[in-house]
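S.K.: Provided herewith is a single structure, encoded as structure tokens, for subsequent inquiry.
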Amino acid sequence: MRRKPLNTAARSKLSKYARQLSQLAILLAEAGSRVERAYWKNRLFAAIAPHLQGTSETTLNQALDYLYETHLRAYDEMAFALETAVESPDLSPEKDVLLIAAPVLAWSTYSIPSGRIDPARMEDLYALFNSHLLAAGCDIVLMDLLFSPDQLPPSYNAAADLSRSLAQAVLQEQRITVDYSTLPVTQPFLSDVRYLIGCISAPKGAAMFRWQEESPGTGIPALSREDVQSEWKKHAGQQLQRILTGCNIETVLPNGLYSACRLAEKEARAYSVRASVAFLQTAIDAKPTDLHASVGAFVDRGEIEEYRIGLTVEGSDEVVHGVVWTLLGEEFGNEPDPMFEKDINSEPENPLVRTRIKELLAEVGINNVHMLEERFPLEYCDDCGAPLYPNPEGELMHAELPEDADVSTSQLH
Ligand SMILES: [Zn+2]
């Protein structure tokens, strides 16, 4: 859940409301008992609520930035409280609601579909969620759209708006259709994530997902999360394959919006490495053993933001394809120190990340790995916005397939 602060320029002066939020989060983090925790938690949620109604997030971001610099445990409490408040608006005394996402990882040399889902397919999706995900007595409303990552709500406020309208729909047992025209255009990638978004309602305090349902008389769940996941993989895989035609897909178990998105982002990294290797095999007939991977750390505002993997073919320094490895949660380096302007070459690294990347590359059969020690600026192509990737010499390059490559779309990143 830990991530970089959004706006470091705002860290100097806290508004009155941001100070109140930060203090409540610190008091919650330092509470000595469950009773005290419950007390501060109620206060924090009550203080957050008005800030999720408007359009400005300055106060929330100021509080998060401040806690990120001064008290990481309180930062986690604050971020978790915000996510909970967004996903489960308190709109009914009898029902709990939860904004959910069902991610699916996809890769294709054609463009990966997004946007409106056919009404007949929506009926199948409702049946799927009811039989393989929801606990008995729950309802769900689903949006009739397949979202790409850049179409997800961009802020806590936008997510809170969406959450409230979906929650109202599910509580009133209504379906919902969305105005697709207002969403940003999806950029084509070889491998990407798509999301179904919806809202579940359950009687207060009751199970929402099948893995929570007790087996009568035992006091423990009848199905494990893994059981539900493997059923989901099978049935949702079939349904989603019909929507994502021409794609190779892999489903991720649905959950609350933020945890589902985090899990999808994490799994998407390994997935896109595998997709790239499979793609290069088809497009330019390059076996994994012919490929070289050059791995570099990319720095923004003095901190490592992501790693980029440039793929080249034995005997050439031209990058043919690349993968971005976004850092998540605990993978960020040491805690930032606002007192020093850092030399980007001295930024501490979490050694785990390079180990993970290397293991994954070995798993897909790439053993020629160049771990570049220098740090790179976060650069993109001026024309198309594609990330630039390192080659074995440590030069940043635009990924380009050779002209005779066998691909069906022109713009793949
Ligand atoms: Zn370009």
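S.K.: Quick one: what are the phi-derived ³J(HN,Hα) couplings along the stretch 301-309, Karplus 6.51/-1.76/1.60 with θ = phi - 60°, whole Hz, x for glycine and proline?
M.R.: 6, x, 10, 5, 9, 7, 10, 10, 10
S.K.: Going by C-beta contacts inside 10 Å, put Thr312, Thr70 in order with the fewest on the left. Working shown, then result.
M.R.: On the way: Thr312 27, Thr70 13.
In increasing order of surrounding Cβ atoms, one gets Thr70, Thr312.
S.K.: Using the basic label-point model (7 angstrom from Cα toward the beta carbon), what is the Thr177 to Leu91 distance in nanometres?
M.R.: 2.0 nm
S.K.: When Tyr126, Tyr68, Tyr380 are ordered from fewest to most other Cβ atoms inside 10 Å of their Cβ, what list results?
M.R.: Working: Tyr126 15, Tyr68 24, Tyr380 11.
Exposure proxy ranking, most exposed first: Tyr380, Tyr126, Tyr68.
S.K.: Sorted by mean Cβ packing within 10 Å, highest first, what order do the peptides 370-376, 163-169 take? List each step's numbers first, then the result.
M.R.: On the way: 370-376: 14.6, 163-169: 20.6.
The densest-packed peptide leads the list: 163-169, 370-376.
S.K.: Of the listed peptides 382-388, 58-64, what is their order by residue-averaged count of other C-beta atoms within 10 Å, with the highest listed first? Don't skip to the end; give the middle numbers.
M.R.: On the way: 382-388: 12.6, 58-64: 21.7.
Taking the mean over residues of other Cβ atoms within 10 Å, the ranking is 58-64, 382-388.
S.K.: Would you mind ranking Glu379, Glu403 by Cβ crowding within 10 Å, fewest neighbours first? Can you show the working numbers first?
M.R.: Values: Glu379 12, Glu403 5.
By the 10 Å Cβ count, ascending, the order reads Glu403, Glu379.
S.K.: Can you compute 3J(HN,Hα) from phi for each residue in the stretch 286-291, using the Karplus curve 6.51 cos²θ - 1.76 cosθ + 1.60 with θ = phi - 60°, rounded to whole Hz and x for Gly and Pro?
M.R.: 9, 7, x, 6, 7, 8
S.K.: Classify the stretch 164-203: rounded, prolate or oblate, from the alpha-carbon gyration tensor (a ≥ b ≥ c, eigenvalue square roots; a/c under 1.5 rounded; otherwise prolate if a/b is larger than b/c)? Before the final figure, lay out the partial values.
M.R.: Details: a/c = 4.36, a/b = 2.02, b/c = 2.16.
Since a/c reaches 1.5 but b/c is at least a/b, the shape of the stretch 164-203 is classed as oblate.
S.K.: Over the chain, what is the mean sequence separation of C-alpha contacts under 8 Å (at least six apart), divided by residue count, expressed as relative contact order in percent?
M.R.: Worked out over the chain, it gives 16 percent.
S.K.: In the chain, how many lysine pairs have Cα atoms under 17 Å apart, counting only pairs 8 or more places apart or on different chains? Walk me through the intermediate numbers first.
M.R.: Numbers: Lys4/Lys266; Lys4/Lys342; Lys95/Lys204; Lys266/Lys358.
Qualifying lysine pairs in the chain: 4.
S.K.: What order, most packed first, do the peptides 221-231, 173-183, 103-113 have when packing is the mean number of other Cβ atoms within 10 Å of each residue? The partial results should precede the final answer.
M.R.: Numbers: 221-231: 14.5, 173-183: 11.2, 103-113: 21.3.
Ranking, from highest mean packing down: 103-113, 221-231, 173-183.
S.K.: Which three extents, in angstrom, do the Cα atoms of the chain have along their principal axes, listed largest first?
M.R.: Taking max minus min along each principal axis of the Cα atoms, the chain gives 67, 56, 46 Å.
Quick note: the coordinates plus some simple rules give every number you see, no bench work behind them. Fair warning: this is a prediction, and the values are worked out from it, not measured in the lab. FYI the Cβ positions are ideal-geometry reconstructions off the backbone, even for glycines, and counts take in every protein chain you see.
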